[in-house]
Every structure is written in C-alpha cells, then in structure tokens.
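What follows is a short report on a single structure.
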Amino acid sequence: MPGKTRQSHLPNVKAALLCGAPLSASKKKSLLALVDKALAQKVIHQRTAVGDYVCPRCGAAFISSPYGVEFDKTNYCGNCGQRLDWEECI
Ligand SMILES: [Zn+2]
C-alpha cells in the first residue's frame, strides 16, 4: 500500500536506520525516536496514586479504577505520544 507505513514495516525501518542509512547522526536519532513511538510498547504494570499502569516511555500514570471496572485504555500516551500495547494488561 504506497504512502502508508504499516505497523509491521516499522521494525525494518528501524533496522535500516540502525545499519548505515546515509543520514546524519541527529537525523537518525530523531527518526528512531519516531519509529519507537509508533511501535506499540507494553504498558508497565505499576501501582500509582491514580491507577495500576504507567507509560513505558515517560512514566506518566494512567488513571484506572481500583475496583476492576473497565477503563479507557488509550492507544497513545497523552503525555509523550507513545503508542501503547495493553494486550497483557487486563
Ligand atoms: Zn508517555
């Protein structure tokens, strides 16, 4: 699908960036940061004052219910924009 970067292609983009794409170091660094943000990272299960989960990138706490009620599992961190994977966090 031209013009669309699919999630499954991102690891290849990352590998290409890491092994010798002809870009300046700072450009590579910012592109890598974008790829890492677009690749879903698992949320960290950690007790905080407002809930049980924190962002794997910036450590922002996500608000969740202490009573097991379903809460909004946001797809992206509202603080840093990291894409989130909630698969193993039920
Ligand atoms: Zn974050």
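The values are calculated or read from the model by the stated rules, or taken from the named source; none is laboratory data. In this text the structure is predicted, and so the values were computed from the model without any measurement. Please note: Cβ atoms are built from the backbone with ideal geometry, for glycine as well, and neighbour counts cover all protein chains shown.
Every residue, every condition in (1) touching a residue at least 40 places away in the same chain (Cβ under 8 Å); (2) over 15 Å from the mean Cα position of the chain (by Cα), yes or no:
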position: Ser26; (1), (2): no, yes
position: Leu32; (1), (2): no, no
position: Val35; (1), (2): no, no
position: Val43; (1), (2): yes, no
position: Cys58; (1), (2): no, no
Tell me the residue from Ala49, Ala33 that is at pLDDT 85 or above, assigned to a loop (DSSP other than H, G, I, E, B) and more than 12 Å from the ligand (Cβ to nearest atom), please. Ala49
Scanning for something modelled with pLDDT of 85 or more and of a type in the set (Lys, Arg), does the range 61-73 turn up at least one residue? no
